[in-house]
Amino acid sequence: MKTNSSGLNKLIKVLYLALIVFFLYLPIGTLMVLSFNSSKSMGSWQGFSLRWYKEMFSNAELMEALGNTLTIALWASIIATVIGVMACIAMNAMTDRKRSFFMGVNNIPLLNADIVTGISIMMSFLLFGISLNYGTVLFAHITFCIPYVILSVMPKFRQLENHTYEAALDLGASPLYAFFKVVLPDIMPGIVSGFLLSFTMSVDDFVITHFTRGAGINTLSTLIYSQLKIGVRPTMFALSTVIFVVVLLILVISNFVRGDEEEEAKKAAASGKEYVYKGGMSTKRTLAIILCVVVAMAVAVRFTPSTPGEVGDKGVVYVYNFGDYIDPELVDAFQEETGYTVVCDYFDTNEEMYPVIKNNTADYDVICASDYMIDKLIKEDLLMELEFGQIPNIQYLSQNIRDFMEEFDPGMYYSAPHTWGTYGIIYNSALVDEEDFGDEVSWGILWDEKYAGKIIMPNSIREGDMVAAKLLGYSMNTTDEGEMREITDKLIEQKPLVYSYANDNARDLMIGENAYMAVITSGDVLYAQEDNEDLAYVVPVEGTEVWTDCWAVPKSCRNYDGAMAWINFMYSYDAAVANFEYLTYAIPNTQLDDYVYEDYIEGEMELQDIGIVNPPEEILARCETLKNLGPEGDDMYSKYWKEFKSK
Amino acid sequence: MAKEKTLIEMIDISKSYDGEVVLDEFNLNIKENEFITLLGPSGCGKTTTLRILGGFTKPDTGKVLFQGEDITDMPANKRPLNTVFQKYALFPHMNIADNIAFGLKISGKSQEYINDKIKYALKLVNLSGYEKRSVTSLSGGQQQRIAIARAIVNEPRVLLLDEPLGALDLKLRQEMQYELRRLKNELGITFLYVTHDQEEALTMSDKVVVMNQGYIQQMGTPEQIYNEPENAFVADFIGDSNIVDGTMVEDYVVKINGYKFPCIDSGFGKNKPVDVVIRPEDIEIGKPGQGIIDGVVTSNVFIGVHYEMCIEAGGIEWLAQNTRSFAVGQQVSIGVAPENIQIMNKPQSEDEEAISLEDVLGDESEGTPEEL
């Protein structure tokens, strides 16, 4: 009986422990496995491959971001540690009341929301006319690291009550000697943990970096964030895996070294050999710490960013773009061809880019923005007119896109399209009834009870409303409350049928066959088809939204000629091909019409014949672009969207 | 004991923290090769005195002379004194040998000299072979001995010890007391010892300085301090005492609660209120009617060497110690031999509780201090 119950007890304990470990490490484990997936998709396993590791190391941008992350973290934590320890020395000498006051002052920034810290630091820089750059990020990181150092070092000082410092003075040591020989080793654990804490906080930080970085300065977190627009590439999984393994190795090694040292001390004590004093030799631990620092420095030097050092003849062009939204190799090609030096910087959404341009927190020469945002920027007088005389390649811009541009940039004075596409339905042809997806498909298919639980709808206000509006025959830019009421009711009616409301991961859910159909943008279709040949795309007969992302030049531009050269370059044949192959988004360039694309399903096809990329005229005729509705319109949309979401 | 040279003089030292006076015009002379103990309750200023000597605290006013030379402003690391701290203050990240070698290394001694000294010091504190041990692997008593070894290898003229045995258990403390005495005799250096433990002070010292509230209350040999306390504070602080109000009826007669006791004190005048001190072991317990007052035993505790009893007699609760046991409730009488009654003037004010400088300087070499 007794053994039985204790055996059960033990089993429960082991199970419990296993469960904890499982939940702690499942996510990182998933990521590590996916990093070896030969497919781009997160949803399906398509065989082992080191492809993403290779891509990671050849991706200069990623490596530079990694370098920035490490150098900033290293310097910030070193400097913060020195400042923090000095502050602790001073605070330790204060009276209790004064010290607790300063500890309180120190703790407030820790409780402050990152966003408040980030914005206030940014505002201070701007107020004092300091332009945001690498140095400002470093400064901000030092600032937020100091409290952590003080927090972990101060208790060690308080534990020093056994007067070792005075004992050292008493034995003849000078104050400095006593500090380094006696106090420092005693508070070392606090310093090391403060340093490591700072280092991790710095590496982890996104918000503060985001607000204080200048053009072209990316850390891993800001780079990853900017890539969300097209979806995180598996190279990030590879990088995360490498970082995790390195951290694990360091932990294991440091534990090993410490264990070793203790062992040796025990042995020496046991053997009781005659001890001969050999002078002040330091132990292995100091050696290990020095080693770590040296390695970190080496890494830092190796990855030191090579930014504006090698300015070309014609100066620097600062490009502000959605993350991963051009073929990265084009930057080098452009630099070689034109002699400009390019600094790229990234954002995730139009809404993120807008305040940067509006407040002029960083000076960019050329930006990329979506149609409705271009409309807004024009109306707020934040853009410069383009001088198309300097952009001869604009002649290759497809005619059909020019018509759509009338809706947001009438007469095409301010913008030049980079990519475009439609919204439609991606479906799995092997899983749906064939006759449902004949020549003419209605948005109504998404309300078909037959496919209950297999439908994915967009999780954004305007795209979600667009689907229902089109089905009901209304404009997607309607501001009529009655129509809005109907649209919302329609969406509520559909709710029980929907598997998920998803944006970025709709593509992956479709590849993984979690659902039969999804509303998706045409740009994602070719990408998805690479991984799942059963996927097909259709634009419903009621029409849809056409979107355009355009190049434009903000008023803050300082290298106008460079900006013109950049836009012109993007319309060259080579650039258009490179971008298409990299993004698989439609590039509005007539030179691409007879470009032969190796389609996964149909085989070789001329691009103009691929409906996904080049929708036929009759479909386009039924399409609209997203309009900027102003604050009142936005309020109405979000009011109804909230109602729908809460139902 | 031959009269020796004065080594350290503390002259008119005052020190206050945040307006609270810790030392007030404090004066002390320390002679060469003396074991002198500062004794007093916590907060009496004894540790501050030591810290001023060690150079860790600067006095607000006054001077510290070392062999006649003013060292008041000399930094701690330049003073020819070494301190053994209350909680040992060993360097935890160094092994025993490194701890002991610390001071020697700073003074630039040769490797060979250092090795010899370490060996010698460890032998002196009975810890030979402990060189490579880590500090944390030692017991409290061993750590304390290492702390002493670390201080004495530097051959200081004076060793300052700040309650060095406070953290040890009773048995270890007693062992260490003998150990310290032995060391002092072997090394022939001056020990200035700070403690709040009166037994420790009486056991080890050549001279005891009883302090309270920044003033010296009494200074003298352990016997003088114990047998002839100069005021109620000293009497109360040194050992257990019955301190009761009395009236000096005339010379050699003191009245306590209406009962007359013969004593050997004189010169107080007639009907003068005084404090009367009677040590518990001096109370003689007998059959009712045999002593001076009759009473009843109210409690009885066996504490090893003797029984400690409370006796209610003449409206006063007396603490008495006796090797014979008297049961609780038993009718007894108490009496005291005249020479065991100590009569003291009642203090008129706080200032009078302290001994003035002249008294101290005048009394210290003669032995028997006069009543105030």
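Go through the stretch B:191-228 residue by residue and tally those that are within 12 Å of B:LEU39 (Cβ to Cβ) and part of a loop (DSSP other than H, G, I, E, B).
3
Out of (1) closer than 22 Å to A:ILE401 by Cβ; (2) assigned by TED's automatic domain parsing to the domain that holds A:GLY389, what's the single condition that is false for A:THR625?
For A:THR625, the failing item is (2).
Could you list, in sequence order, the residues of the stretch A:145-186 that are within 9 Å of another protein chain (Cβ to nearest Cβ) and in contact (Cβ under 8 Å) with a residue 12 or more places away in the chain?
So in the stretch A:145-186, the residues within 9 Å of another protein chain (Cβ to nearest Cβ) come out as A:161-175, A:177-178, A:181-182, A:185-186.
Correct list: A:THR164, A:TYR165, A:ALA167, A:ALA168, A:ALA178, A:LYS181, A:VAL182, A:ASP186.
Taking the residues in the stretch A:328-344 that are at pLDDT 85 or above and part of a loop (DSSP other than H, G, I, E, B) as candidates, determine which candidate is farthest from the chain's Cα centre (by Cα).
A:GLY339
Within the stretch B:150-196, which residues are surrounded by fewer than 17 Cβ atoms within 10 Å (Cβ to Cβ) and of a type in the set (Ser, Thr, Tyr)?
B:TYR178
How do the strands (runs of 3 or more DSSP E) wholly within the stretch A:428-532 filter down when requiring 2 or more residues that are buried (at least 21 other Cβ atoms within 10 Å of the Cβ): which remain?
Where strands (runs of 3 or more DSSP E) fall fully within the stretch A:428-532 and carry at least 2 residues being buried (at least 21 other Cβ atoms within 10 Å of the Cβ), they are A:455-457, A:517-521.
With the stretch A:1-106 as the region, which helices (runs of 4 or more DSSP H) entirely inside it contain at least 3 residues that are at pLDDT 85 or above and exposed (fewer than 12 other Cβ atoms within 10 Å of the Cβ)?
On the way: elements: A:2-35, A:51-58, A:60-92.
In the stretch A:1-106, the matching helices (runs of 4 or more DSSP H) lie at A:2-35.
Of the residues that sit in the stretch B:112-134 and are within 7 Å of another protein chain (Cβ to nearest Cβ) and in a helix (DSSP H, G or I), which one is surrounded by the most Cβ atoms within 10 Å (Cβ to Cβ)? Outline the logic, then answer.
The first filter runs over the stretch B:112-134 and keeps only residues within 7 Å of another protein chain (Cβ to nearest Cβ), leaving B:114-115, B:118, B:129, B:131-134.
Now drop any that are not in a helix (DSSP H, G or I), which leaves B:114-115, B:118.
On the way: B:ILE114: 20, B:ASN115: 19, B:ILE118: 25.
If we take residues in the stretch B:112-134 being within 7 Å of another protein chain (Cβ to nearest Cβ) and in a helix (DSSP H, G or I), then B:ILE118 is surrounded by the most Cβ atoms within 10 Å (Cβ to Cβ).
Quick grid of which residues meet (1) part of a helix (DSSP H, G or I); (2) more than 10 Å from every other protein chain (Cβ to nearest Cβ):
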residue: B:THR72; (1), (2): no, yes
residue: B:PRO92; (1), (2): no, no
residue: B:ASN99; (1), (2): yes, no
residue: B:LYS109; (1), (2): no, yes
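The values are calculated or read from the model by the stated rules, or taken from the named source; none is laboratory data. Everything quoted here is computed from the prediction, not taken from an experiment. Neighbour counts run over all protein chains shown; Cβ positions are idealised from the backbone, glycine included.
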